[in-house]
Structure formats: C-alpha cells, structure tokens
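The values are calculated or read from the model by the stated rules, or taken from the named source; none is laboratory data. As the structure is a prediction and not an experimental result, all values here were calculated from the model. We place every Cβ from the backbone using ideal geometry, glycine too, and count neighbours over all the protein chains shown.
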Amino acid sequence: MPQPRPMTKDALMSAFGGESMAHMRYLIFAEIAEREGFPNVARLFRAIAYAEQVHAGNHYRVLGDLNVDAKVVAGAPFGPGNTSKNLELAIRGEEFEVNEMYPVYVEIARFQGEKKAEQSFKWALEAEKIHAELYRKAKEYVDKGQDMPLEGKVWICPVCGHTYVGTEPPEKCPVCGAPKEKYVGF
C-alpha cells in the first residue's frame, strides 16, 4: 500500500494517537463508573472504547507500510476523577474531534487526494457525534446520582465504529453499510 502524503500522514498519526488514548481513558473511566455504582455508564464507556479502537485501527491501516520511528502529537483531556468529571472529559474530547479535529483532517485528506484517509476520518467523525451525545445524556443522569438507562445493548460497527443503542443493531450500518450481523453488542 502506498504511503500517504506527509500532511495526511501526520493527521493519521495524530488521529491514531488520540483514538488510542481515548480507548484507554474510556476503559479506565469504565472501571471508575463500575465502582461508583453506574453499571450502564461503565458499559457505555466500554462500548465506546471499542469504537475508538476501531477508529485507531482504521487510521493505522491507512498509514500503509510505513517503517519509521515517530513521535505522535495528539491532544487529550486528562485528569480522571469521579464519573461525572470523567464524562465531562469525554464530552470535551469528543466535541474537539467533532468540531475541530476531524473536519480539518477530512479536508487535508480531500485536498491531497487521499481517499482512504478521507473515508477513515469521515467514519470516525460520524461516530464521534453520537459518542458526544451519549456522554451528554449519561452525564445528566450521573449528575442526579442515577445510572443512565440503556434499553438493550450498545452496538458498535467493527468496520467504522458507528454506535447505536437498542435491542437490535440496524439492518445495515448507516455509515459504512456493514450488515447487522457484524455489529458487536455491549
């Protein structure tokens, strides 16, 4: 696979770093939510951690057969605390990706004609919008001392990271078109 052009490569590496850190932060946040008596919020964190892993994997694969040592610069809100604070950090991270990071990365990839990178960034962007909304809803409940009600499972598309809450996943992923059978339920 040919290597992406330098600006797109830098964006992919930064996005890979950011998604990798989000994956780990959310697993840590899930442990805290579980200990604090919010099992559904913990489940939400674990499901979205998986979606972030999907995004990181997609970005990594688009990098192709690079063979370099690199420092990756990726922003992330740090400072874990209780579940309410962790949800606030998660919201801030997701909103940064939705409002700042991914729109710019999509444009860089589009400008440079890097179709696979553009697709990877667009897929992540669509999922991050859903993540931000789910975290906002969860925070409303947690701030009242309640666990977030989740009807059914949190479903993650393993191809693009699309996230859906319900008893069954959609017939096909509205983002990448993957069939219902591929979804992973949490």
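Listed values, structure above:
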item: Filter result (free of Cβ contacts under 8 Å to residues at least 24 places away in the same chain and not aromatic (Phe, Trp, Tyr)) within region 82-103; result: 85, 92, 99, 100, 103
item: Residue within region 68-81 that is part of a helix (DSSP H, G or I) and of a type in the set (Gly, Ala, Ser) present; result: no
item: Residues of region 51-62 classified as in contact with a Phe, Trp or Tyr (Cβ under 8 Å, 6 or more places away or on another chain), of a type outside the set (S, T, N, Q) and surrounded by 20 or more Cβ atoms within 10 Å (Cβ to Cβ), total; result: 4
item: Hits in region 109-134 (condition: of a type in the set (Asp, Glu) and either more than 12 Å from residue 48 (Cβ to Cβ) or outside any helix (DSSP H, G or I) (or both)); result: 114, 118, 126
item: All positions within region 135-158 that are in a loop (DSSP other than H, G, I, E, B) and without any contact (Cβ under 8 Å) to a residue 12 or more places away in the chain; result: 144, 145, 146
item: Number of positions in region 1-47 that are in a loop (DSSP other than H, G, I, E, B) and at pLDDT 95 or above; result: 3
